[in-house]
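This report refers to the structure that appears directly beneath it.
The values are calculated or read from the model by the stated rules, or taken from the named source; none is laboratory data. These figures come from a predicted structure and were not determined experimentally. We place every Cβ from the backbone using ideal geometry, glycine too, and count neighbours over all the protein chains shown.
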Amino acid sequence: MAVIQFDTKELRDFLNSLGARIEKNFDSKKALKESADFIADLIRKRTISGRDVDLKPFESSKSGSGGSQKVNLVDTGKMLDSIESRVLSNTEAVVGIFDPVQQKKAIIHQLGLGRTPQRRFFGISNQDTVAIDHIIWIFAKQLNNAVEKI
């Protein structure tokens, strides 16, 4: 009986070391920061354009003259300017409004409190496919950079 035996130990060891080297060179914090910054910027731009998380126009407030005006949640600009991104770990980042005064304004719009209509501006939805595709691209770019370093 003829037996052919394959010893893949060297190949297995090489692949394991390759994976470890890629992981070592993959800067997850950089990818997370770039992704979070992109989302913060997307929220700002979309809101300034007068669209909510579902890409629908914001409900306008009824003016005393019987008309209505386009709403983009920009009065002083401070609320949208206060949107920040923070990297918390190698696997987690957040986008938020951390200034208490601006946070209160954002909550009023987001939830529609008092006489303010609900204007869900903060977040992303399934309609933001460009955002999801861009985040995938950011991580793929970082993976390519890691591979090039080995």
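One residue stands out among those in the stretch 81-117 that are among the acidic types (Asp, Glu) and assigned to a loop (DSSP other than H, G, I, E, B): the one that is nearest to Phe38 (Cα to Cα), which is Glu92. For the stretch 61-72, indicate whether the set of residues that are surrounded by 14 or more Cβ atoms within 10 Å (Cβ to Cβ), over 19 Å from the mean Cα position of the chain (by Cα) and either more than 26 Å from Asp27 (Cα to Cα) or of a type in the set (Phe, Trp, Tyr) (or both) is non-empty. Yes, the stretch 61-72 contains at least one residue that is surrounded by 14 or more Cβ atoms within 10 Å (Cβ to Cβ), over 19 Å from the mean Cα position of the chain (by Cα) and either more than 26 Å from Asp27 (Cα to Cα) or of a type in the set (Phe, Trp, Tyr) (or both). With respect to being more than 12 Å from the chain's Cα centre (by Cα), basic (Lys, Arg) and not in a helix (DSSP H, G or I), Arg120 fits the description. Considering each of Phe58, Phe98, Phe122 in turn, give the residue that is crowded, with 17+ Cβ neighbours inside 10 Å, over 30 Å from Leu18 (Cβ atoms) and out of contact with any Leu (no Cβ under 8 Å at 6 or more places or on another chain). One residue alone meets the criteria, Phe122. Just checking, how many residues over the stretch 25-42 are in contact (Cβ under 8 Å) with a residue 40 or more places away in the chain, assigned to a helix (DSSP H, G or I) and over 14 Å from Asp133 (Cα atoms)? The qualifying residues number 8.
Only residues that are without any contact (Cβ under 8 Å) to a residue 24 or more places away in the chain and within 18 Å of Asp41 (Cα to Cα) were counted in the stretch 87-108, giving 4. Residue-level analysis places Asn25 among those that are among the polar types (S, T, N, Q), modelled with pLDDT under 90, closer than 20 Å to Ala140 by Cα and surrounded by 15 or more Cβ atoms within 10 Å (Cβ to Cβ).
Is one or more of the residues making up the stretch 71-82 in contact with a strand residue (DSSP E or B) (Cβ under 6 Å, 6 or more places away or on another chain), among the hydroxyl-bearing types (Ser, Thr, Tyr) and modelled with pLDDT of 90 or more? Scanning the stretch 71-82 turns up at least one residue that is in contact with a strand residue (DSSP E or B) (Cβ under 6 Å, 6 or more places away or on another chain), among the hydroxyl-bearing types (Ser, Thr, Tyr) and modelled with pLDDT of 90 or more.
Taking the conditions exactly as written (under 26 Å from Lys30 (Cβ atoms), surrounded by 14 or more Cβ atoms within 10 Å (Cβ to Cβ) and touching a residue at least 60 places away in the same chain (Cβ under 8 Å)), does Ile150 satisfy them or not? It is false that Ile150 is under 26 Å from Lys30 (Cβ atoms), surrounded by 14 or more Cβ atoms within 10 Å (Cβ to Cβ) and touching a residue at least 60 places away in the same chain (Cβ under 8 Å). Looking at the stretch 101-112, which of its residues are of a type outside the set (Gly, Ala, Ser) and surrounded by 12 or more Cβ atoms within 10 Å (Cβ to Cβ)? Result: Gln102, Gln103, Lys104, Lys105, Ile107, Ile108, His109, Gln110, Leu111.
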